[in-house]
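I have placed the structure first, in the form of structure tokens, so that the comments after it can refer back to it.
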Amino acid sequence: MDDKQIEKIIDGTYDDSRENPLRSMLGEFYNRKMFSIVVLVWAWAIIFIAGVVYSGIQFFNTDLTREQIMYAVIFVCCFQGLGWIKVFAWQVIHKNSIKREVKRLELCIAELSETIRNKNKSDEIIV
């Protein structure tokens, strides 16, 4: 990837005003490119929330200890699944900012190598 391509990528995606506030990260998550992941996350979250609510209600409506244990286990598993979904969504949100930072570092390295190359050429001319 040459310098001009890196500059185009950064100019097209990087905006200093959107550095890392939560609102901008959520805005990047809820866009057209991420639609399928958003649908996946919300679908699984609704399934897990329904499981938590159902098992919680059934836990208090039953008198058998065996069923109470079963509903308690379902409650804990669904609640844990909801946590996993939130972690997955958070990782997807941060993926975009990490990509942007890597591209910025690529540009800085390209500029630094160009500066070193120019300095070495000027040193050769003087000698």
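The values are calculated or read from the model by the stated rules, or taken from the named source; none is laboratory data. Small disclaimer: the values here were computed from a predicted structure and weren't measured. Glycine also receives a Cβ, built like all others from the backbone with ideal geometry; neighbour counts cover every protein chain displayed.
Numerical summary
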| quantity | calculated |
| --- | --- |
| Test: residue in region 33-48 that is in contact with a Leu (Cβ under 9 Å, 6 or more places away or on another chain), of a type in the set (Gly, Ala, Ser) and surrounded by 11 or more Cβ atoms within 10 Å (Cβ to Cβ) | yes |
| The one condition in (1) over 26 Å from Ser36 (Cα atoms); (2) under 30 Å from the mean Cα position of the chain (by Cα) that Leu64 fails to fulfil | (2) |
| Scan of region 87-104 for residues that are within 16 Å of Val39 (Cα to Cα) and in contact (Cβ under 8 Å) with a residue 24 or more places away in the chain, ordered by number | Phe88, Ala89, Val92, Ile93 |
| Exclusive hit being surrounded by 10 or more Cβ atoms within 10 Å (Cβ to Cβ), of a type in the set (A, V, I, L, M, F, W, C) and over 30 Å from Met25 (Cα atoms), set Ile93, Ile116, Ile85, Ile109 | Ile116 |
| Subset of region 36-61 [of a type in the set (Ser, Thr, Tyr) and modelled with pLDDT under 95] | Ser36 |
| Close pairs (8 angstrom Cβ cut-off, 6 or more residues apart or separate chains): under 25 Å from Ile69 (Cβ atoms) in region 32-56, aromatic (Phe, Trp, Tyr) and in a helix (DSSP H, G or I) anywhere | Phe48/Phe79; Gly51/Phe75; Val52/Phe75; Val52/Phe79; Ser55/Tyr71; Ser55/Phe75; Gly56/Tyr71; Gly56/Phe75 |
